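Single-structure report; data block below.
Please treat every number below as a calculation from the coordinates, not as lab data. Every value quoted in this text rests on a predicted model; they were computed, and no experiment measured them. Positions of Cβ are generated from backbone atoms using ideal geometry, with glycine treated the same way; all protein chains shown enter the neighbour counts.
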Amino acid sequence: MKPLSGTDQDRLEQVMGELRRGAVAVIGDVLVASAETVDAQRFAGLHERGDAVLALTGRRAEVLKLRAYDGDIARLPLPENRTLVSALADPADDLAMPMKGPFETLRDGDGSVSMARLAIRVCKAARLLPAAILSPLQRREHPVGMVYANSQALESALAAQTVTLDRFSDAHVPLSLAKDARVFGFRPSDGGPDHFAILIGDPPKNAPVLVRAHSECYTGDQLGSLKCDCGPQLRAALAQISAHGAGVLLYLAQEGRGIGMANKLRAYSLQDQGFDTVDANHRLGFEDDERDFRVAALMLDALGFGAVRVMTNNPRKLAAFERNGIRVADRVPLAVGRTEQNDAYLATKAARSGHLL
């Protein structure tokens, strides 16, 4: 037994680490594993218990034609075949193996539903596929060699309102598109990756500041991918802010609309099979957009700005700023980077996500 000490965030980090390496953690009085990563021996042990369940999101259940009696999640008795469980969690081979059932999903059981919902949230936070295996501990059962965590502690760590940012450093970094730039680093209290703010010039604090909230895109920003418009948007925003004379670019560590690089690559693979970007996310079990723009508002507040002119085509960003205490004075369009390869992607953003292109 490995009792946890420290903060709620410490507990969440340790549990996520266990799930990512294929191990089993104890949350409250339930054994929990990731359906994506659990190794063969641990999977067999969970199945042998006879009471294990597989929990999937409502989005993934809809794809699999499973009844989600619990609304946003569906639970079914854990299948014996680990390969089948992987196929239920991962849509990579959905077209090759469309018929996986029939399966009977479970209903009732308030406590087990809330624990399944929490386990899926932990998987999402760990940037794993949102699919979890759960098995309740028996009376007086105390497995050894596992990380234990209180469910309330994990709920608290996952709650958005508990997140704070610590500004750990800043430095003058002249950029090719903005020579008068200073980069500030921010570390979130939930143990997530660092975020960065690029302050260009010396914008006054008493007037709306020109801002671009840009979610990192490794493939677009650094590799020059033609599948999206992220790289051109990043460079155009820096150039436009510099030409304006002052402003802020917030570089947010929320790859793939908040699902992480691994799941973003899975979504790209599904797009190659003919699914648009929204349907690809749903097939993976995610919502259209899993990002949390609260960190953007926290960064602006830390820099002393309370009102913004936002460079975006996404109305949801405007609402997110307002919801988190930052007044939006204006929206500045940023329509650049259309290519033959991303034309359908941009059309989907407009038609299904409400982007103003």
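Once every DSSP H run of n ≥ 4 in the chain is given -39500 (n - 2.57) and the sum is divided by its residues, what mean residue ellipticity at 222 nm do you get, rounded to the nearest 500 deg cm²/dmol?
Calculated at 222 nm, the ellipticity per residue is -10500 deg cm²/dmol.
Using θ = phi - 60° and the Karplus relation 6.51 cos²θ - 1.76 cosθ + 1.60, list the HN-Hα couplings for the range 241-257 in order, rounded to whole Hz, with x at every Gly or Pro.
In residue order, the calculated couplings are 5, 4, 5, 5, x, 6, x, 9, 10, 9, 9, 9, 7, 9, 4, x, 6 Hz.
Please go through the range 1-106 and write out the trypsin sites (Lys or Arg not before Pro) that DSSP classes as loop and that have at most 11 other C-beta atoms within 10 Å.
Arg21
Reported to two decimal places, what Rg/Rh ratio describes the chain when computed on Cα atoms with Rh from the Kirkwood expression?
Rg/Rh for the chain comes to 1.00.
Taking H placed 1.01 Å from N in the peptide plane, check which residues at least 5 places from Leu250 or on another chain put their amide H under 5 Å from its amide H.
Ile198, Arg212, Ala213, His214
Using DSSP, restrict attention to beta bridges with both residues in the chain and report what percent are antiparallel, rounded to the nearest 5.
70 percent
Given the range 8-158, what percent of its DSSP beta bridges are antiparallel, to the nearest 5?
Bridges in the range 8-158 are about 90 percent antiparallel.
With N denoting the number of residues in the range 155-299, provide Rg(C-alpha) divided by 2.2 N^0.38 Å, to two decimal places.
1.13
According to the Kirkwood expression over distinct Cα-Cα pairs, how big is the hydrodynamic radius of the range 8-158, in Å?
For the range 8-158, inverting the mean 1/r across all distinct Cα pairs yields 15.3 Å.
Which entries of Lys65/Lys264; Lys205/Lys227; Lys227/Lys317; Lys100/Lys124; Lys124/Lys205 show an alpha-carbon separation above 32 angstrom in the structure shown?
Listed pairs above 32 Å: Lys205/Lys227; Lys124/Lys205.
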